[in-house]
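Student: Dumping the structure here so I can ask a few things about it.
Where a number appears in this text, it was derived from the coordinates with a stated rule and is not lab data. On a predicted model such as this, the values are computed, not experimentally measured, just so you know. Glycine gets a Cβ as well: all are built from the backbone with ideal geometry, and neighbour counts include every protein chain shown.
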Amino acid sequence: MELIIKPTGLCNFACSFCSSATLPILGKPLKKVPDKLKDLIDYIKPDELIVTGGDPLMVDPEYYYHLHDIRPVHISITSNLKDFYIHPDKWIKLFKEDWFDITTSFQYGEGRKWDINTIYTEEMFRDVHNKFTELIGKDLPFISVIDYNNENTVLDLCKLAKSLNTKV
């Protein structure tokens with residue numbers, strides 16, 4: 001069984017389509033798994049933990065080590081990787097763990113934003129992707145949400161994935 005957890009609704013992007021974009025980023029990042037979640041994990045005994053958000057990098061790397069200590073299983077996240085791009089040394093050790101996997105996301109258009117004034121472009125995405133593969137040495141798969149607003153970019157996304165030699 002897989003267990004999906006959401007330790008934060010916060011995100012450091014400002015995407016126009018996301019409710020997390022309007023949440024203020026306050027306080028210190030979560031470092032420990034709350035006792036109620038720990039008890040639930042002990043009871044369910046999942047085979048995999050999937051962490052969502054907001055952005056899962058809005059919690060501290062210690063959180064993931066604590067999570068893995070509670071139940072030593074595979075942990076996977078989907079992140080925009082902005083915090084990794086800005087502070088790679090904070091994340092390198094965790095990202096190299098064999099029990100930890102990352103997927104990122106990308107889509108064309110004006111809705112996905114690095115900050116309130118900056119559209120997250122393909123060039124920016126390539127920079128993040130290249131930094132990850134250079135420093136971590138793993139493939140970086142990515143996903144994209146396709147809807148009626150951007151359905152005309154599906155082929156472009158597939159070409160991007162192929163050019164990065166990654167999974168879609």
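Student: Using a 10 Å cut-off on Cβ atoms, rank the peptides 36-49, 54-67 from the highest mean neighbour count down.
Tutor: 54-67, 36-49
Student: Is there a pair in 38/138; 113/159; 6/96; 6/45; 6/159 whose C-alpha atoms are over 24 Å apart, and which pairs would that be?
Tutor: Pairs exceeding 24 Å: 38/138; 6/159.
Student: Shifting gears a bit: Can you tell me which aspartates and glutamates have their Cα less than 13 Å from the Cα of residue 90? Leave out same-chain residues fewer than eight positions away.
Tutor: Excluding near neighbours in sequence, the set is 60, 62.
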